[in-house]
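Only one structure is covered here, and it is reproduced in the block below.
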Amino acid sequence: MLRMSARALSFGTVAEAYERFRPGYPDALHDLVLAYAGQPLRTALEIGAGTGKATRLFAAHGIAVTATEPDEAMLAELSRHVPATVTPVRAAFEDLQPGESYDLVYAAAALHWTNPEGRPEKVAALLKPGGVFSSFGGPFQLTDPAVAEAVHAARAPFLETDEIPSPDGTPPEHEMQWPGTELRASALFTDVRQCIVERRLTVSARDYVGHLSTVSAYLELPAAVREQVFDQILRVLPETVELTADIWVHLARRSSHNMAR
């Protein structure tokens, strides 16, 4: 049974836009995960695969990915773009049952949508001893402060913020961010690390608004209001915008001891 929140399941209404306007992930991300693992990664399970942006990265490097995604429309879009080596599975993280274990379990901008209750135990149960867990993602921020302020002012009458707060309340200035904090607190994981893959993007104003159309905060707005917000934002944007889209990567290794039974 799929038990995710309505907000978490809102992306299926914009699956094609999600595929068009969300960027893929660079090879540097795969290389970082592989270097951390220190051994070949042959199998992986992906949590909340969306349209398969991260799926394609790991599959392209020869990893057999089982891509789980609860939204039917998102999974259908994924299936159109991933190679035959990928196994798409319609399932929420909460409904995955222990059975096959993997060298790698990862979530790309999706872990915060999962139920925190028993989450470390569930992830650990999907990993081989010594297997690697990785969660990665990050906000897309306008690089020019003046443009960012203009967009904030245009959005403010309709939406105070479009960002998602830290799931465990970790302040942004804290050295270790979530989910690293959650992983460090669990005896099921060791060698928790936090890394950043720097990424800068230049996109047209319309493509930037297209990206916003796939962000959950806007998807929650009534359609008429959403279009009004986007119109106001477009009015204050230059023809092209630069984005800081750094990928925050958290890595941990499943402990060979203390596994829940």
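If a residue must be surrounded by 15 or more Cβ atoms within 10 Å (Cβ to Cβ) and either touching a residue at least 60 places away in the same chain (Cβ under 8 Å) or closer than 30 Å to GLU175 by Cβ (or both), how many such residues does region 222-239 contain?
5
Go through GLY169, GLY130, GLY137 for me and flag whichever is surrounded by fewer than 16 Cβ atoms within 10 Å (Cβ to Cβ) and closer than 30 Å to GLY99 by Cα.
GLY130
Working carefully through the options HIS211, HIS250, find the one that is assigned to a helix (DSSP H, G or I) and touching a residue at least 12 places away in the same chain (Cβ under 8 Å).
HIS211
Among the residues of region 116-127, is any over 26 Å from PRO165 (Cα atoms) and out of contact with any Leu (no Cβ under 6 Å at 6 or more places or on another chain)?
yes
Among the residues of region 28-76, write down those that are surrounded by fewer than 24 Cβ atoms within 10 Å (Cβ to Cβ), in contact with a Phe, Trp or Tyr (Cβ under 7 Å, 6 or more places away or on another chain) and touching a residue at least 40 places away in the same chain (Cβ under 8 Å).
LEU29, THR43, LYS53
Got a sec? Which of ARG184, ARG199, ARG193 is at negative phi, in contact with a Pro (Cβ under 8 Å, 6 or more places away or on another chain) and not small (Gly, Ala, Ser)?
ARG199
Is it fair to say SER256 is within 30 Å of LEU127 (Cβ to Cβ) and over 25 Å from the mean Cα position of the chain (by Cα)?
It is true that SER256 is within 30 Å of LEU127 (Cβ to Cβ) and over 25 Å from the mean Cα position of the chain (by Cα).
Looking at this structure, is ALA187 over 23 Å from the mean Cα position of the chain (by Cα), surrounded by fewer than 18 Cβ atoms within 10 Å (Cβ to Cβ) and either hydrophobic (A, V, I, L, M, F, W, C) or closer than 24 Å to LYS53 by Cβ (or both)? Please lay out each step first, then the result.
Numbers: over 23 Å from the mean Cα position of the chain (by Cα): yes; surrounded by fewer than 18 Cβ atoms within 10 Å (Cβ to Cβ): yes; either hydrophobic (A, V, I, L, M, F, W, C) or closer than 24 Å to LYS53 by Cβ (or both): yes.
Here the answer is yes, as ALA187 does meet what is asked.
Tally time: how many residues in region 68-117 are of a type in the set (S, T, N, Q) and closer than 16 Å to ALA54 by Cα?
Taking region 68-117 and keeping what is of a type in the set (S, T, N, Q), we get 68, 79, 85, 87, 97, 101, 114-115.
Next, only the ones that are closer than 16 Å to ALA54 by Cα stay: 68, 79, 85, 87.
Of the residues in that region, 4 qualify.
Just to be sure before I move on: is PRO179 at pLDDT below 95 and either at positive phi or not aliphatic (A, V, I, L, M) (or both) in the structure I sent? Lay out the reasoning, then the answer.
Details: at pLDDT below 95: no; either at positive phi or not aliphatic (A, V, I, L, M) (or both): yes.
No: the conditions fail for PRO179.
For region 245-261, give me the residue count where each residue is of a type outside the set (A, V, I, L, M, F, W, C), out of contact with any Asp or Glu (no Cβ under 7 Å at 6 or more places or on another chain) and surrounded by 15 or more Cβ atoms within 10 Å (Cβ to Cβ). Walk me through how you get there before you give the answer.
In the first step, residues of region 245-261 are kept if they are of a type outside the set (A, V, I, L, M, F, W, C); the result is 246, 250, 253-258, 261.
So of that shortlist, the ones also out of contact with any Asp or Glu (no Cβ under 7 Å at 6 or more places or on another chain) come out as 250, 254-258, 261.
Still in the list and also surrounded by 15 or more Cβ atoms within 10 Å (Cβ to Cβ): 250, 254-255.
Looking only at that region, the number is 3.
Among what's in region 77-92 and is among the β-branched types (Val, Ile, Thr) and more than 18 Å from PRO23 (Cβ to Cβ), pick the residue that is surrounded by the most Cβ atoms within 10 Å (Cβ to Cβ).
The selected residue is VAL86.
The values are calculated or read from the model by the stated rules, or taken from the named source; none is laboratory data. Because the structure is a prediction, the values reported are computed rather than measured. For neighbour counting, all protein chains shown are included, and Cβ atoms are generated from backbone atoms with ideal geometry for every residue, glycine included.
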